[in-house]
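> Following this message is one structure expressed as structure tokens.
The values are calculated or read from the model by the stated rules, or taken from the named source; none is laboratory data. Owing to the predicted nature of the structure, the values given are computational and were not obtained by experimental measurement. Here Cβ is always computed from backbone atoms with ideal geometry, including for glycine, and neighbour counts include all displayed protein chains. What goes into the accessible areas is simple: the full protein's heavy atoms, side chains included, and nothing from ligands, DNA or RNA. Shrake-Rupley method; radii C 1.70, N 1.55, O 1.52, S 1.80 Å.
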Amino acid sequence: MKKIIAAAALLIMAATTMTAQTKRVMTVIQKDGTQKEYKVNSVERVTFTDVELPSLRNQIAFDDNVESVAKVTLLEQGGNYSFDLYSEEADTANAVPTLRIVIDKDSMGQELQLGGEAAKVYYKGQEASLTGTLQVRFGRTGMVVINLESETAAYNDLRCRYTSNYKQVYEASNVIAVQKGAAADSSAILSAFVAKPTTTGAATTFAFGDAEATTPDNLVNGTKAVKVSISALKLYGDTIDMANDPNSYTFQYIDYGTREAYSKVTAGTIVTKQDGDGNLYINLVATLDDGRLVTVDYCGPVVEADTIGNLVPEAVAENQFKYYNADGDLTIDRKIGTSYIKTDSKGNTTFYLVAEGESRYSDYKAVIKVGADLINAGELALNNLGDVAVFDLKFMGGSLQLQSYAAGHGYGNTPDNGKLTITKNDNDEYDITLDVVNHYKTMYGTYGGDNTHLVLHYTGTFEKY
């Protein structure tokens, strides 16, 4: 009997061992016809339904999260347009757009398959890897149409429907930069002014400087400024070729360190635009005749002024001479004392303006020789003396020696700036005013000088030398 029971037990064990083990598998037939199997534990059955996505109108949707678009800006970047869509009114200079679309200009109006190089989409600051379609096109003036139907790699829906206005924006470094040879200097633009024309068709004048100024006159407190006038035909329009279109602009760069102004341009361009908020965008690149490169790159508000006026400071001296180094620092400031005069056989007059308390042999004197035709001739531009007028200047307190061609020294240090006035009355009293920077043009067409600056004024009589 025990043998029968043992045999039955073995048969039961054998039957149990031979019973098949099972698992629950879900078979998914995909759109391309292939099948995938997934192990499941708790799934009983699967059903499929079509869920209608939210209908959008000037809105952005990430799955079921729908946000209304409050502002759209457009920035041109080379061959691309960059559209920023903000879901609420914000300071667009600092806020991260909800949606940014960067699209090749040549692809505007086309329905694009995402994933290529023609367009990139950013959602809340992060570039999104998307599949789907995108179309961006311009509508009526100032309007853009955007249609985005896409899905992220994590199967989230990212969609947008927008047909409305946009604002043009520009990017700028907001600096004035000056480069001459290897030396470069740039300053942040802290003040910008505009003087609008009082008559139709006249030019508009702008001024930019690195001083915090409430009026254009206050720009003198900085280190540099630029004054530029744009004709009505070219303002906010075509690019100005500064070399070939001189009637469309006037230009002046002022170096307040040397109190010198530059306006002769050999090459350059000016672009002006107005953004959607009424701000000015200007990009000016000018090569001056001395090789200096001046750049103004600015986008922002401008303060209206009745007039820009003369931004070049007037140096003032009263019976004294003042000598400034190349950085604009006053290094010699002396009253003029007993001074001397000498006339040569050619009718030229030499004035020896000597510092108070010094002898006529001292280095603290300015020596000015002029032809008789320059006395009582009004204010003279020293860069326009020609080949006949005699002008010769030596300042013994500094390395300054300038002369006209007719002075006959052969140095060729002809000043390219400055002004001189010498008047004489019936009592042999003279009034002499001189303001000049040590910068000159040589007979070879090159430029030199150390940009030191001499200002002097004297009223009185002279003793014979």
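> With the calculation restricted to Cα positions, what are the radius of gyration and Dmax of region 81-203 in angstrom?
Every Cα atom of region 81-203 included, Rg and Dmax give 19.9, 62 Å.
> If r is the Cβ-Cβ distance from residue 64 to residue 145 and R0 is 25 Å, what FRET efficiency results, to the nearest 0.05? Can you show the working numbers first?
Details: r = 24 Å, r/R0 = 0.97.
That gives a FRET efficiency of 0.55.
> How charged is the neighbourhood of residue 133? Take every other residue with its Cβ under 11 Å from the Cβ of residue 133, and add Lys/Arg as +1 and Asp/Glu as -1.
Numbers: positive: 159; negative: 111, 149, 151.
Summing Lys and Arg as +1 and Asp and Glu as -1 gives -2.
> Any of 227/264; 196/264; 369/419 with alpha carbons more than 19 Å apart? Name them for me.
196/264
> Step through the table entries 234/441; 71/224; 71/120; 224/441, compare each Cα-Cα distance with 29 Å, and write down the pairs that go over it.
234/441; 71/224, as the Cα separations exceed 29 Å there.
> Which of the trypsin sites (Lys or Arg not before Pro) across region 116-218 are loop residues per DSSP, with 11 or fewer other Cβ within 10 Å?
Taking region 116-218 and a limit of 11 other Cβ atoms within 10 Å, the loop trypsin sites (Lys or Arg not before Pro) found are 140.
> A follow-up question, please. Determine by what factor the alpha-carbon radius of gyration of the chain differs from 2.2 N^0.38 Å, reporting the quotient. Intermediate values should be presented prior to the final figure.
Numbers: Rg = 39.4 Å, N = 465, 2.2 N^0.38 = 22.7 Å.
That ratio works out to 1.73.
> May I ask you to give the percent of accessible area on the chain that is carbon plus sulfur, with a probe radius of 1.4 Å?
The C+S portion of the solvent-accessible surface of the chain is 47 percent.
> Just add up the charged neighbours of residue 465: K/R +1, D/E -1, any other residue whose Cβ is under 9 Å from the Cβ of residue 465.
Charge balance near residue 465 sits at +2.
> Would you mind computing the Rg to Rh ratio of region 184-339 from its alpha-carbon coordinates, Kirkwood style for Rh?
1.03
> Let me ask something else. Taking only protein heavy atoms and a 1.4 Å probe, what accessible area per residue, in Å², does the chain have with all protein chains in place?
Here the per-residue accessible area is 56 Å².
> Sticking with this one: Could you work out how far helix 2-18 tilts from the main Cα principal axis of the chain, as a 0 to 90 degree angle to the nearest 10?
40 degrees
> For residue 406 paired with residue 167, estimate the spin-label separation in nm (one decimal), with each label point 7 Å from Cα along the Cα-to-Cβ line.
In this crude label model, residue 406 to residue 167 measures out at 6.2 nm.
> Net charge within 14 Å of residue 168 by Cβ-Cβ distance, Lys/Arg positive one each and Asp/Glu negative one each, not counting residue 168 itself?
So the environment of residue 168 carries a net charge of -2.
> Show log10 I(q)/I(0) for region 376-431 at q = 0.13, 0.14, 0.25, 0.30 Å⁻¹, two decimals, from a solvent-free Debye sum over equal Cα scatterers.
-0.37, -0.43, -1.03, -1.20
> Just to confirm my numbers, what's the Cα centroid distance between region 123-149 and region 197-266 in Å?
A separation of 39 Å, based on Cα centres.
> Let me ask something else about it. Work out Dmax and Rg for region 201-260 from the C-alpha atoms and quote the Rg first, both in angstrom.
Here Rg and the maximum Cα pair distance are 13.2, 36 Å.
> Same structure again: Tell me, what are the semi-axes, in whole angstrom and largest first, of the equivalent ellipsoid of region 74-139 as set by the roots of 5 times the Cα gyration tensor eigenvalues?
Semi-axes (√(5λ), whole Å): 20, 14, 10.
> GluC sites (Glu not before Pro) within region 329-413: which are DSSP loop residues with at most 11 other Cβ atoms inside 10 Å?
Taking region 329-413 and a limit of 11 other Cβ atoms within 10 Å, the loop GluC sites (Glu not before Pro) found are 379.
> Going through region 28-125, which chymotrypsin sites (Phe, Trp or Tyr not before Pro) have at most 16 other Cβ atoms within 10 Å and a DSSP loop state?
Within region 28-125, the qualifying chymotrypsin sites (Phe, Trp or Tyr not before Pro) (loop, at most 16 other Cβ atoms within 10 Å) are 48.
> Another question about this same structure. Based on alpha-carbon atoms only, what is the radius of gyration of region 158-197 relative to the globular estimate 2.2 N^0.38 Å? Write down the numbers at each step before the final one.
Values: Rg = 19.1 Å, N = 40, 2.2 N^0.38 = 8.9 Å.
Cα-based Rg divided by the globular estimate yields 2.13.
> Any chance you could run the full-extension gain for residue 423 through residue 335? It's 0.36 nm times the residue separation minus the Cα-Cα distance, nm to one decimal.
Length gained between residue 423 and residue 335: 29.7 nm.
> Another question about this same structure. Place +1 on the Cβ of every Lys and Arg and -1 on the Cβ of every Asp and Glu in the chain, take the dipole about the Cα centre, and give the residue among 21, 393, 169 whose Cα lies farthest towards its positive end.
21
> Bin all alpha-carbon pair distances of region 248-334 at 5 Å intervals from 0 and give each bin's fraction as a whole percent.
Calculated P(r), rounded to whole percents: 3, 10, 16, 17, 18, 13, 10, 6, 4, 2, 0, 0.
> Taking the Cα atoms of region 308-465, what is the range of coordinates along each of the three principal axes, in descending order and whole Å?
Sorted largest first, the three principal extents are 40, 36, 35 Å.
> For n ≥ 4 DSSP H runs only, could you compute -39500 (n - 2.57) per run for the chain, divide by its residues and tell me the 222 nm figure to the nearest 500?
-1000 deg cm²/dmol
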